[in-house]
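Have a look at the structure below, then the notes.
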Amino acid sequence: MPELPEVETVCAGLRPIMEGRRLKVVIQRRLDLRFSLPAGFADTLKGAKVLSVKRRAKYILIRLNINIVLIIHLGMSGRMILYPEAAPPAGRHDHIEFITDDDTTIRFCDPRRFGFMDLVPLEQLSNHPMLRHLGSEPLSDDFNIASLNKKLKGRRMPIKTALLDQKIVAGLGNIYACEALFRARISPRRLAYTIPGVRSKRLVTAIKEVLSEAIAAGGSSLRDYVQTNGELGYFQKQWDVYGREGKQCSAMPSERGINRCCPNGVKRIVQSGRSTFYCTKWQR
């Protein structure tokens with residue numbers, strides 16, 4: 001599933017194309033995605049002007065001049081592809097299409113249909129079921145040592161499981177939780193309540209660093225994810241541990257001045273149904 005860096009990259013691609021433009025045509029080829037689309041979905045959006053394209057956690061929020069916000073979640077395989085010129089014929093998985101007043105096509109393709117779209121009045125946005133319980137944005141000033149300590153206090157679950165709880169950190173997913181824990185030198189098995197203190201300081205820094213670097217790299221292309229221009233992200237080339245079971249924890253053991261040595265290679269375990277990758281020597 002696309003995580004925060006991938007969704008932020010998609011938003012960055014949509015902003016210059018959509019902001020300030022009207023949706024001249026909206027084509028809806030299905031009545032549902034993961035959930036049913038709102039009644040009158042295409043007719044409601046047709047003619048509306050896009051005021052802003054923002055991200056909240058893993059959600060794309062497109063604010064319109066009709067006091068409506070279009071919420072988009074990419075699910076497991078959703079992609080937003082831009083066609084500045086004539087778009088090719090739609091494929092079987094091209095479910096939604098937005099055509100702006102300068103004839104740019106934004107096409108939503110989702111083979112697995114785990115993504116969804118919804119329309120919500122602006123004043124009700126913060127109470128939307130998918131948004132109202134979200135924690136702090138990890139790249140904001142609200143996400144800091146004090147706020148993380150408060151969220152982790154008394155929690156006896158593994159720290160990796162806690163980081164995937166969107167009520168604790170909004171938008172952080174499996175890949176970047178593994179990478180951040182590696183940089184912070186924290187075992188994913190360590191219980192969350194033991195993190196506050198020096199470990200919390202390292203973890204907050206690591207989360208912000210790894211997410212910022214991933215955004216700069218266009219995200220990680222894993223399975224279906226591509227940027228809005230159809231190109232792959234390339235942060236997967238910088239992974240230290242994720243997907244590296246049995247291999248060294250980094251392709252360059254001396255990178256960033258750290259002596260990274262996995263006696264038996266990166267270990268993979270399963271936590272809460274998700275694969276976790278870590279270095280048993282470096283992470284404690």
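The values are calculated or read from the model by the stated rules, or taken from the named source; none is laboratory data. What you see is a predicted model, and the numbers here were worked out from it, not measured in a lab. A quick note on method: Cβ atoms are made from the backbone with ideal geometry, for glycine too, and the neighbour counts reach across all protein chains shown.
Under 9 Å between Cβ atoms, at least 6 apart or on separate chains: pull out the pairs that start in the stretch 202-222 with a residue that is over 13 Å from Ala12 (Cβ atoms) and basic (Lys, Arg) and end on any residue that is buried (at least 19 other Cβ atoms within 10 Å of the Cβ) and at pLDDT 90 or above.
Short answer, once both residue conditions are applied: Arg202/Arg183; Arg202/Ala184; Arg202/Ile186; Lys208/Pro138; Lys208/Phe143; Lys208/Ala180.
For Lys24, which of the numbered conditions (1) in contact with a Pro (Cβ under 7 Å, 6 or more places away or on another chain); (2) surrounded by fewer than 18 Cβ atoms within 10 Å (Cβ to Cβ) fails to hold?
Every listed condition holds for Lys24 apart from (1).
So which helices (runs of 4 or more DSSP H) stay within the stretch 143-190 end to end and still have 2 or more residues that are farther than 17 Å from Pro5 by Cα and touching a Pro at 6+ places or on another chain (Cβ under 8 Å)? If you could, list the steps in order and put the result at the bottom.
Details: elements: 145-152, 159-163, 174-183.
It comes to 145-152, 159-163.
Mind telling me which of the residues Ser140, Ser147 ends up being surrounded by fewer than 16 Cβ atoms within 10 Å (Cβ to Cβ) and within 24 Å of Glu209 (Cβ to Cβ)?
Ser140 is the lone residue from the list that is surrounded by fewer than 16 Cβ atoms within 10 Å (Cβ to Cβ) and within 24 Å of Glu209 (Cβ to Cβ).
Which residue, of Ile81, Ile66, is under 18 Å from Pro111 (Cβ atoms) and either in contact with a helix residue (DSSP H, G or I) (Cβ under 9 Å, 6 or more places away or on another chain) or part of a strand (DSSP E or B) (or both)?
Result of the check over Ile81, Ile66: Ile81.
Each row is one residue, and each column tells you yes or no for (1) hydrophobic (A, V, I, L, M, F, W, C); (2) touching a residue at least 40 places away in the same chain (Cβ under 8 Å); (3) not assigned by TED's automatic domain parsing to the domain that holds Cys109.
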{"residue": "Glu8", "(1), (2), (3)": "no, yes, no"}
{"residue": "Pro16", "(1), (2), (3)": "no, no, no"}
{"residue": "Gly20", "(1), (2), (3)": "no, no, no"}
{"residue": "Gln28", "(1), (2), (3)": "no, yes, no"}
{"residue": "Leu33", "(1), (2), (3)": "yes, yes, no"}
{"residue": "Pro38", "(1), (2), (3)": "no, yes, no"}
{"residue": "Phe41", "(1), (2), (3)": "yes, yes, no"}
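On the basis of being farther than 30 Å from Lys151 by Cα and either exposed (fewer than 15 other Cβ atoms within 10 Å of the Cβ) or in the same structural domain as Cys11 (by TED's automatic domain parsing) (or both), does Ile62 make the cut?
No: the conditions fail for Ile62.
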